[in-house]
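First the structure, in the form of structure tokens, and then the observations on it.
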Amino acid sequence: MTILPVPLSTLKPGEKSKVIQLEVKGLLRRRILDLGIVPGTVLTCIGKAPAGDPIAYLVRDTVIALRSEDASLIYIDSAAR
């Protein structure tokens, strides 16, 4: 089966997937890695703000919020939803 990477920002509340790839650069990359978001990490979207930004994710038993712009640079496995 071929893995089709899609942006994390496409994950809907209640859906879960695995991180495949990070396209984040600079200080934001460091922050993402410090939060424990690395390839292989399982994330669950737990909610979106009324305007759609930021988006809350459950990562390793911790809730974090990411802007849609930042979440679109993190790629997940589309089949693992």
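Computed from the coordinates by the stated procedures, all read-outs in this text should not be read as laboratory data. Not measured: the values here are computed from a predicted model. Cβ placement follows ideal geometry from the backbone for every residue including glycine, while neighbour counts extend to all protein chains displayed.
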Neighbour-count ranking [beta-carbon atoms within 10 angstrom, fewest first] of Arg31, Arg60: Arg60, Arg31
Mean separation of Cα contacts under 8 Å, 6 or more apart, over the residue count of the chain: relative contact order %: 44
Per DSSP, loop GluC sites (Glu not before Pro) in the chain with at most 14 further Cβ within 10 Å: Glu15, Glu23
Karplus 3J(HN,Hα) series, Hz, for region 67-75 with 6.51 cos²θ - 1.76 cosθ + 1.60 (x for Gly, Pro): 5, 4, 4, 6, 5, 6, 9, 10, 9
Cα-Cα P(r), region 5-80, percent of pairs per 5 Å interval: 3, 18, 32, 30, 14, 3
Net charge, Asp53 excluded, C-beta distance under 15 Å - Lys, Arg +1, Asp, Glu -1: +1
Using θ = phi - 60° and Karplus 6.51 cos²θ - 1.76 cosθ + 1.60, couplings along region 2-7 (whole Hz; Gly, Pro as x): 8, 8, 9, x, 10, x
Residues Ile76, Ile37 arranged by fewest to most Cβ contacts within 10 Å: Ile37, Ile76
Helix-derived mean residue ellipticity, 222 nm - over the chain, DSSP H n ≥ 4, -39500 (n - 2.57), to 500: -4000 deg cm²/dmol
Under 16 Å from the Cα of Lys25 - aspartates and glutamates, other chains or at least 8 residues apart: Asp34, Glu69, Asp70
Residues Val6, Val42, Val63 arranged by fewest to most Cβ contacts within 10 Å: Val63, Val42, Val6
